[in-house]
Amino acid sequence: EPAGTREPLLAFDRDQVTGIRIHGPDGEPILLAKSDDGWVIPTLSDLRAAQSKVTGLLSKLGELEKGLPVATSEAALKRFKVAEDSFERKLSLEGVDSTLATLYLGDSPGFRRLFVRADGDRAVYEAQLGLFDAPDNSDAWSDSTLLYLDQDSLQGLAIGELSLER
């Protein structure tokens, strides 16, 4: 095909994604699961995940396109950290019955750029992503607005025997 041809790096339907499993280089993978009320983090007792962060990641993954490959050799997969046994992040998009797509995120050639490789593809591409787009700890995915209180409606605060009133 001509070098200018652009095709999606990952073939998946966003509406079919029911889970995102993120593996880091060490430790247990984390799972973000789709529920009736939005995205949750099952390992944190189904704590609500930051919806905009999850949908933003899915949008970025859906927009990734193949360009010219940076490399295709087995040695390059390890060098760019996108091999099956050597990666910075491994993202698995899960459907109801199967894995829809898997993407390996590797080293960074520059600011907000990563080397990436789709599972089953030997080619390494450069993509406009950052490791901060797919953190590998549950706390980074939690919704920070969950405990937000409107200051105008707050009338008092009580901690033990101490109480403050407006």
Q.
So if I take the alpha carbon set of region 78-166, get Rg, then get Rh from the Kirkwood formula, what is the Rg over Rh ratio?
A. 1.30
Q) Want the number for Arg14 to Val96: 0.36 nm per residue separation, take away the alpha-carbon distance, what's left? A) 28.3 nm
(Q) Just to confirm, what accessible area per residue do you get for the chain at 1.4 Å probe, in whole Å²? (A) 61 Å²
(Q) Please compute the contact order of region 32-166 in relative form: average sequence separation of alpha-carbon pairs under 8 Å and at least six residues apart, divided by the residue count, as a percent. (A) 21 percent
Q | Heavy-atom accessible area ranking, 1.4 Å probe, most first, across Ile20, Ile159 | A | Ile159, Ile20
Q: Note down the accessible area of Leu129, probe 1.4 Å, to the nearest 10 Å².
A: 10 Å²
Q) Taking one equal scatterer on every alpha-carbon of the chain, how large is log10 of I(q)/I(0) by Debye at q = 0.09, 0.11, 0.15, 0.18 1/Å? A) -0.38, -0.52, -0.83, -1.12
**Q.** On Cα atoms only, tilt of 51-63 relative to the major axis of the chain in degrees
**A.** 10 degrees
Q. Considering only protein heavy atoms and a 1.4 Å probe, what is the carbon-and-sulfur percentage of the accessible area of region 48-104?
A. 48 percent
**Q.** Nitroxide proxy distance, nm - points 7 Å out along Cα→Cβ at Ser52 and Gln128
**A.** 1.9 nm
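The values are calculated or read from the model by the stated rules, or taken from the named source; none is laboratory data. All values derive from a computational prediction rather than experimental measurement. Using ideal geometry, Cβ is built from the backbone for each residue, glycine included, and neighbour counts are taken over all protein chains shown. Heavy atoms of the whole protein, side chains included, go into the accessibility calculation; ligands, DNA and RNA do not. Shrake-Rupley method; radii C 1.70, N 1.55, O 1.52, S 1.80 Å.
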